[in-house]
1. Could you count how many residues in the range 321-342 are touching a residue at least 60 places away in the same chain (Cβ under 8 Å) and surrounded by fewer than 24 Cβ atoms within 10 Å (Cβ to Cβ)?
2. Which one of these does residue 270 not meet: (1) more than 16 Å from residue 427 (Cβ to Cβ); (2) crowded, with 21+ Cβ neighbours inside 10 Å; (3) within 17 Å of the chain's Cα centre (by Cα)?
3. Test of understanding: among 125, 109, 144, 136, which residue is assigned to a helix (DSSP H, G or I), touching a residue at least 60 places away in the same chain (Cβ under 8 Å) and over 30 Å from residue 289 (Cβ atoms)?
4. Among the residues of the range 197-204, are any closer than 17 Å to residue 125 by Cβ and either touching a helix residue (DSSP H, G or I) at 6+ places or on another chain (Cβ under 6 Å) or modelled with pLDDT under 50 (or both)?
5. Inspect the range 228-236 for any residue being modelled with pLDDT under 90, more than 18 Å from the chain's Cα centre (by Cα) and in a loop (DSSP other than H, G, I, E, B) and give the result as yes or no.
6. Might you check whether a residue that is closer than 16 Å to residue 366 by Cβ and surrounded by fewer than 19 Cβ atoms within 10 Å (Cβ to Cβ) occurs anywhere in the range 135-149?
7. What tally of residues in the range 389-416 results from selecting those that are in contact (Cβ under 8 Å) with a residue 40 or more places away in the chain, assigned to a helix (DSSP H, G or I) and surrounded by fewer than 18 Cβ atoms within 10 Å (Cβ to Cβ)?
8. Look through 66, 21 and report the one residue that is within 19 Å of the chain's Cα centre (by Cα) and either at pLDDT below 80 or under 24 Å from residue 399 (Cβ atoms) (or both).
């Protein structure tokens with residue numbers, strides 16, 4: 001059956017969904033612990049614990065929702081129906097995070113933000129898992145999928161640019177004498193900003209009916225079989241690259257505001273540095289998408305990881321009185337690196353779904369995306385909990401007018417060393433990523449043959465060898 005043509009309208013409609021995915025978590029990474037510690041009055045360790053503890057539910061909900069979306073039946077489709085349902089909850093759940101709530105007993109304050117964060121995570125899962133799975137069904141073409149992923153990341157990084165500058169400007173400049181009001185308005189405005197695009201995603205995309213027919217198990221059986229995802233060699237390498245990239249991003253994002261505030265002593269430069277980094281991410285994304293189609297997504301990721309490693313090394317040696325111009329240049333270099341390591345793991349997701357189908361004989365892109373979303377949120381939760389704990393260990397106290405020299409050194413090392421370690425490991429792992437434009441074509445040809453009734457044992461030797469390399473199992 002001939003595929004529907006992916007037009008510019010389709011690219012814009014699909015891509016707009018990641019305004020929510022790309023911006024909401026960046027605001028949480030950069031400001032939520034700061035909000036809880038400096039505005040609400042919780043300790044950094046407790047603030048980090050709220051995020052970390054809230055992920056217990058995610059361990060069930062993310063992969064479960066992937067299985068549910070694989071088998072949902074409605075007149076609006078099995079994925080797109082969740083975009084329609086989620087419009088109001090997306091806005092409300094984000095807004096509730098940023099209301100300044102203080103009870104007489106700390107337990108009730110912690111409980112409020114725990115459940116508010118739990119609500120946000122559940123809503124995020126309900127729309128982002130079907131959304132991330134949708135690209136696999138819109139097209140089976142490598143270049144078209146790269147274009148769809150590119151559109152998604154352009155919107156994501158545009159949203160990240162706004163999320164990385166506007167909230168900080170509102171809180172630290174417009175409402176610096178009443179930060180609780182600044183955060184309240186951030187929650188209100190950005191909640192609306194993240195809710196509205198789902199109307200466009202719902203109206204401008206479609207789903208493959210053919211893929212939906214290839215579901216042989218119930219939701220309960222599929223949930224039990226999720227462990228088989230981690231038997232997939234390509235998926236294990238892919239998810240490790242993803243984990244390392246986003247760990248580096250989360251720790252850097254959380255530490256950035258503390259780094260410029262206490263090491264450089266110039267909190268006002270925060271939005272200039274972060275804005276420059278995010279802008280360079282957007283500008284270099286088309287180059288990485290071009291490289292992905294030419295040399296493969298794994299090699300594009302490797303280039304970005306090496307560039308980011310060099311940038312983080314540079315931050316170890318710059319003095320506190322360095323000029324703003326130099327900081328902006330260095331921030332732009334960071335953005336060049338982040339552009340690849342943030343975009344490529346999501347662009348690889350459809351290929352991991354295809355290899356999973358080779359291994360397990362079932363198209364379950366929803367489950368693959370659900371596990372991916374789970375890893376994303378668990379990783380962020382752990383990193384932010386670790387960051388809050390490390391802040392406490394180095395002696396950070398928001399109530400002090402001036403931090404000690406040891407605390408400032410500790411903040412600097414957290415900001416530089418943790419992302420650097422992640423990127424060195426990411427570079428090594430990415431060299432093992434096996435999917436290229438050439439191997440992808442062979443995978444799609446084999447899947448098409450199997451869909452037409454072909455048998456695995458009838459595959460030629462080159463195809464068998466490739467499938468075994470990709471899956472890590474004997475192909476038969």
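1. 1
2. Unmet for residue 270, out of (1) more than 16 Å from residue 427 (Cβ to Cβ); (2) crowded, with 21+ Cβ neighbours inside 10 Å; (3) within 17 Å of the chain's Cα centre (by Cα): (3).
3. 109
4. yes
5. Checked the range 228-236: at least one residue is modelled with pLDDT under 90, more than 18 Å from the chain's Cα centre (by Cα) and in a loop (DSSP other than H, G, I, E, B).
6. Scanning the range 135-149, I find no residue that is closer than 16 Å to residue 366 by Cβ and surrounded by fewer than 19 Cβ atoms within 10 Å (Cβ to Cβ), so the answer is no.
7. Qualifying residue count, the range 389-416: 2.
8. 66
The values are calculated or read from the model by the stated rules, or taken from the named source; none is laboratory data. Source: prediction; values computed, not measured. Cβ coordinates were reconstructed from backbone atoms using ideal geometry, including for glycine residues, and neighbour counts include every protein chain displayed.
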